[in-house]
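What follows is a single structure, written as structure tokens, with notes after it.
The values are calculated or read from the model by the stated rules, or taken from the named source; none is laboratory data. Predicted model, so just to flag it, every value in this text is computed and none were measured. As a convention, Cβ positions derive from the backbone with ideal geometry for all residues, glycine included, and neighbour counts pool all protein chains shown.
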Amino acid sequence: MLSEGHVTALAHQFEDLEQQREAASLGMWLFLATEIMFFGGLFTAYTVYRMMYLPGFDVGSHLLNVKLGAVNTIVLLSSSLTMALAVRAAMLGKRRHLVTFLVLTMLLGLTFVGVKLTFEWHHEYVEHLAPGLDFDLNSPHAKGAELFFVFYFTMTGVHALHMIIGLAVMAVLTWQAIQGRFTPEGYTAIEMAGLYWHFVDVVWIFLFPLLYLIGAHH
Amino acid sequence: MSQTAVETSPGVNYLNVKYGVKSWLLTTDHKRIALLYLASITFFFMVGGAAAGLMRLHLIEPQGALLEPATYNKMFSIHGIIMVFFFLIPSIPAVMGNFLVPMMVGARDLAFPRLNLLSWYIYIAGGLFTLYAMIAGGVDTGWTFYTPLSTTYANGNVMAAALGVFITGFSSILTGLNFVVTIHKMRAPGLTWFRLPLFLWAIYATSIIMILGTPVLAITLVLVALERLFHVGVFDPALGGDPILFQHLFWFYSHPAVYIMILPSMGVVSELVTCFSRKRVFGYSFIAFSSVAIAAISFLVWGHHMFVSGQSVYASLVFSALSFAVAIPSAIKVFNWTATLYRGSISYQAPMLYAMGFIALFTMGGLTGLFLASLATDIHLHDTYFIIAHFHYIMVGGALMGYLGGLHFWWPKMTGRLYPDGWARFAALVIFIGFNLTFMPQFVLGYLGMPRRYAVYPEEFQVLNVMSSAGASILGVGYIIPLVYFIWSMRYGPVAGPNPWGAKGLEWQTSSPPPTENFEQAPTVTEEAYAYGAKEARVV
Amino acid sequence: MWFGFPLRPEQASTIAEGIDNLYYSLTAIDLFFTAVIFLTIFYFMIRYRRRSQQETPEQIEGSLPLEILWSIVPLVLVVVTFVWSTSLFIRNARPPEAATEIFVIGKQWMWQLQHPEGVREINELHVPVGRPIKLTMTSEDVIHDFFIPAFRVKKDVVPGKYTSLWFQATKTGQYHLFCAQYCGVSHALMRGEVIVMEPQDYERWLSGSKKENSMAASGARLYDQYACITCHGAGKGPAFNDLYMSKVRLQDGKTVLADEEYLRESILFPSAKLVEGYPAIMPTFKGQLTEEQILQFIAYIKSLGSAERKAAHE
């Protein structure tokens, strides 16, 4: 089924657009469930080692830049706002707004990744906090701290990877939006990307306290 | 099912609608993808089987007849990795699931056909990495990759093998996702949940496990890779890590994984038993719920692989109790299948022989699970040949026989050809005999104390080992026979009609082979599943 | 035995017979139900074989009473098995108080066994019959597993921690010892023999064997060699008298038990558990002591009294 100028085609396996949309939605939710299990394994391992090496984990946590982490949190939360506004724009058929909000989301996402990689990671590497490379910390709890940093880099790295993939998807969608591919009747891809982006945001909401804030009162 | 679907002439069907390599490698037709999987997993089965053959040949002598210990260790590792990840886990879901799920719900394809093709390519990519690991010198950690052996001490291609398994896991996840969405959202009008064929209930339960369990294996392998690359102490105690944590994370997936391997086979058996006794499955809803119960409980029992690892007594108690619990739904299924035969009209074609073989061997092997859920006996039996016998009874005597039964059942539908049933029954018999001769002695070997993964062994174990190896050679022959007649049938087999078995089920309401869109007209369902009788079914 | 063919290892320990009885019962259940199912199917397949292409059997949907029956029966069966097995397991889990302790170090690909009197064995373990023996084990590299089929005992041997098992041999003789956790290329060769002797023969063997100092004496030598007295004899570190199995109060308020694990960790990772009232100045001895030497240290500390013995005397 094609409307003139709009290319929301009904894929041949579906009976109608509603079924197609529902299938896409269920598919994305199931995919997010797999992502929860994926990150869940990491969180479990982190929790176990935190219990084993509490002093070292506190030392490590204190060496992180809470300010930058907080800034990034705000940046990411804002990008979720702009993404939600993008979905709304698509729903209302406002193409220019859709493109604008998608671009804003990408800019905020790139800011996040940029801050993380160039400021935080680079700084931590220079300070000899990168495990296995040239980790060097003067503390009786260095062993625990090194393990903390293993999880810090792995968890934020896997998270950043998911963000980068999300950004790539969003770039494609922006291009398609410019071409006029999305209508109030057919904007499922934007919605699904929104779900994914919010999920990436939620993961960060867990990561930030677990890595940066949890030892603050010690 | 009501007859609103009209048969097409078998002239144009999904096999001959387009020719050429590109039309196969770029297909999004679930039926062609199923055949792509069939070819690939058959290939991997032969590689894994060859490794097993070499192992059994080697073990006829206590000092080893054939291989250096280092080579033997690589053999059992690659045998395990290939058979688990590249044969058993995909087998029924990727071949029969892909082919049948859309047809059984009355749809034209799965929910996400392109994702389906991607799943196959991901599977192939993972397979290539694993083959590379094998050819480049092998991996010798066992398929279980225990740390710190795999992270710090093993030479060999651990990274390549782990990467291969990691990649293939995504094929599993995406296939499961596709199935769940299809079954939820694309059922034909009138096809309520409790009218679904039991095969779909089984596939559904399997898919839940695939979706929720596989990611945990993925992240575990990522951590192993990080440890190997950067020498950080995630699982190596010398660097501050905990090797038991690896075991917890690994088995959290790998126990549910064994139910990924057996549930679909149980689904096939339901289909076979009903068709070849012309009776609805006894206790339909009990079997349906059992599948879901098995999937749910399967996530709670992983610690029974770790009774001797040094985990706490309390943890072991809990895992033991839950492991006993998971046996109950399986028992319920066995009884229901048996009751289905009561007062049926039973015929003995090859698929039915495989189904009966499954029930007998699964019962026997499943009950040996009780020995292992039981703490006191498991201490003695853990990591011995008893375990090997136990899981081969379930995986080969169970899952593989179910796979073969399903292949023989749906072959006419998939290819439009019949195979010689006489040879098929003969092969089933050879397989049954060869299988028992191979693995029954291993129960005794295990209780006598022969540990597993041993390239050499004390002399007093030789007789049982020779018996087992003799059985393995018979089993090997048994597997080759179907290969021959299936290939033969594709060219010379008699043409099968739409429903050579007289079975109920939407897939039999269309031609063999089916057209690309499966049905001429989208079907509507007005009957219960397996509505063989003319009258209303009675409740006893 | 079955036609002269062994179906089980020798019963050479106190727990072997109990385990075998459970095993036989489970075997009987397994064979019984397999036979029931197999024969029922066999019978049905013949009795209800298809006699004509047209026949349509009467359809039976199910039977709730039957479902309940064959849910309850397996449930009862597994509950009984669970209770039987678990009580056996719990009874067998803890060693008797007066067990002789022998130390095991597994490493690729050999077993090192240390008697407290100072005798060291490689791949062989001599023990007296009729006396409880507790093995405290660790690995120097990968996970191994200590398995004596004739005694029905098995336990993983894990690097970085101590695991233990105990047994009491009931028959003299020689029995296989296997490594039962795949540990690398020579895993199948990591085997040995357990030699059970009459107590007098064992004593004779012990005194006749090449002996170093007892483990405790070796530990005392290490204490001198590493000058532990500098802190632990001068109030700058906790004293060792009656330390073993006492409750230690840590700086963060928690209390831990001073068992082998704790002692080993304190030597290798002193900052992991800081004792209340002492400065955090202890250096680590990681890389300077072998697992064997650590065990000797622990034996020495045990010889200086334990909290249990102290409590018994009070």
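Quick grid of which residues meet (1) within 14 Å of chain C (Cβ to nearest Cβ); (2) crowded, with 24+ Cβ neighbours inside 10 Å; (3) in contact with a Lys or Arg (Cβ under 6 Å, 6 or more places away or on another chain):
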site	(1), (2), (3)
B:Ile387	yes, no, no
B:Phe391	no, no, no
B:Gly398	yes, yes, no
B:Tyr403	no, yes, no
B:Ala427	no, yes, no
B:Phe432	yes, no, no
B:Thr438	no, yes, no
Can you confirm whether A:Met106 is assigned to a helix (DSSP H, G or I) and under 17 Å from the mean Cα position of the chain (by Cα)? yes
Restricted to region C:286-313, and to residues that are modelled with pLDDT of 90 or more and β-branched (Val, Ile, Thr), which residue is nearest to C:Lys107 (Cα to Cα)? C:Ile294
Test of understanding: among A:Gly40, A:Gly60, A:Gly56, which residue is small (Gly, Ala, Ser) and within 27 Å of A:His198 (Cα to Cα)? A:Gly40
Only one of B:Pro514, B:Pro451, B:Pro494 that is more than 13 Å from every other protein chain (Cβ to nearest Cβ) and touching a strand residue (DSSP E or B) at 6+ places or on another chain (Cβ under 8 Å): B:Pro494
Candidate set from region C:140-156 (those that are farther than 18 Å from B:Tyr447 by Cα and not acidic (Asp, Glu)); member that is nearest to the other protein chains (Cβ to nearest Cβ): C:Val142
Please pick out the residue among B:Val334, B:Val308 that is at the interface with another protein chain (Cβ under 8 Å from one of its Cβ atoms) and closer than 21 Å to B:Leu245 by Cβ. B:Val308
Residues in region C:49-65 that are facing chain B (nearest Cβ under 7 Å), surrounded by fewer than 18 Cβ atoms within 10 Å (Cβ to Cβ) and not acidic (Asp, Glu): how many? 4
Could you give every pair whose Cβ atoms fall below 7 Å, whose first residue belongs to region A:73-96 and is at positive phi, and whose second residue is surrounded by 15 or more Cβ atoms within 10 Å (Cβ to Cβ), counting only separations of at least 6 or pairs across chains? A:Gly93/A:Thr183
Candidates B:Leu131, B:Leu110, B:Leu118 - the one that is modelled with pLDDT of 95 or more, within 14 Å of chain A (Cβ to nearest Cβ) and surrounded by fewer than 24 Cβ atoms within 10 Å (Cβ to Cβ): B:Leu118
The condition from (1) without any contact (Cβ under 8 Å) to a residue 40 or more places away in the chain; (2) small (Gly, Ala, Ser); (3) crowded, with 24+ Cβ neighbours inside 10 Å that B:Ala162 misses is numbered (1)
For region B:283-318, name all the residues that are of a type in the set (Phe, Trp, Tyr) and either surrounded by fewer than 17 Cβ atoms within 10 Å (Cβ to Cβ) or within 20 Å of B:Met261 (Cβ to Cβ) (or both). B:Phe289, B:Phe299, B:Trp302, B:Tyr314
Per the filter on region B:347-367, residues crowded, with 24+ Cβ neighbours inside 10 Å and hydroxyl-bearing (Ser, Thr, Tyr) are B:Tyr354, B:Thr363
For region A:58-70, pairs from a residue that is closer than 13 Å to A:Ile214 by Cβ to a residue that is at pLDDT 90 or above and not hydrophobic (A, V, I, L, M, F, W, C), with Cβ under 6 Å and 6 or more apart or across chains, are A:Leu64/A:Tyr212; A:Val66/A:Tyr212; A:Gly69/A:Tyr212
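The rows are residues; the columns are (1) closer than 30 Å to B:Gly283 by Cα; (2) of a type in the set (D, E, K, R).
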{"site": "B:Arg491", "(1), (2)": "no, yes"}
{"site": "B:Pro494", "(1), (2)": "no, no"}
{"site": "B:Asn499", "(1), (2)": "yes, no"}
{"site": "B:Lys504", "(1), (2)": "yes, yes"}
{"site": "B:Glu507", "(1), (2)": "yes, yes"}
{"site": "B:Pro515", "(1), (2)": "no, no"}
{"site": "B:Val525", "(1), (2)": "yes, no"}
{"site": "B:Tyr530", "(1), (2)": "yes, no"}
{"site": "B:Gly533", "(1), (2)": "yes, no"}
How about region C:230-289: which of its residues are under 18 Å from A:Gly56 (Cα atoms), among the polar types (S, T, N, Q) and not in a helix (DSSP H, G or I)? C:Gln251, C:Ser271, C:Thr284
Please list, ordered by first then second residue, the pairs with beta carbon atoms under 7 Å, 6 or more apart or interchain, first in region A:109-131 and basic (Lys, Arg), second surrounded by 13 or more Cβ atoms within 10 Å (Cβ to Cβ) and in a helix (DSSP H, G or I). A:Lys116/A:Asn72; A:Lys116/A:Thr156; A:Lys116/A:Ala160
Considering region B:205-248 alone, what residues qualify as being hydrophobic (A, V, I, L, M, F, W, C) and farther than 18 Å from A:Val158 by Cα? B:Ala205, B:Ile208, B:Ile209, B:Met210, B:Ile211, B:Leu212, B:Phe235, B:Ala238, B:Leu239, B:Ile244, B:Leu245, B:Phe246
Of the residues that sit in region A:15-45 and are surrounded by 20 or more Cβ atoms within 10 Å (Cβ to Cβ) and more than 19 Å from the chain's Cα centre (by Cα), which one is nearest to the other protein chains (Cβ to nearest Cβ)? A:Ala23
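Conditions tested, residue by residue: (1) in contact with a Phe, Trp or Tyr (Cβ under 7 Å, 6 or more places away or on another chain); (2) of a type in the set (Lys, Arg); (3) under 28 Å from B:Gly233 (Cα atoms).
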residue: A:Gln13; (1), (2), (3): no, no, no
residue: A:Gly40; (1), (2), (3): no, no, yes
residue: A:Ala70; (1), (2), (3): no, no, no
residue: A:Ser78; (1), (2), (3): no, no, no
residue: A:Leu85; (1), (2), (3): yes, no, no
residue: A:Leu92; (1), (2), (3): no, no, no
Which listed residue is assigned to a helix (DSSP H, G or I) and either charged (D, E, K, R) or within 9 Å of chain B (Cβ to nearest Cβ) (or both), from C:Leu22, C:Leu7: C:Leu22
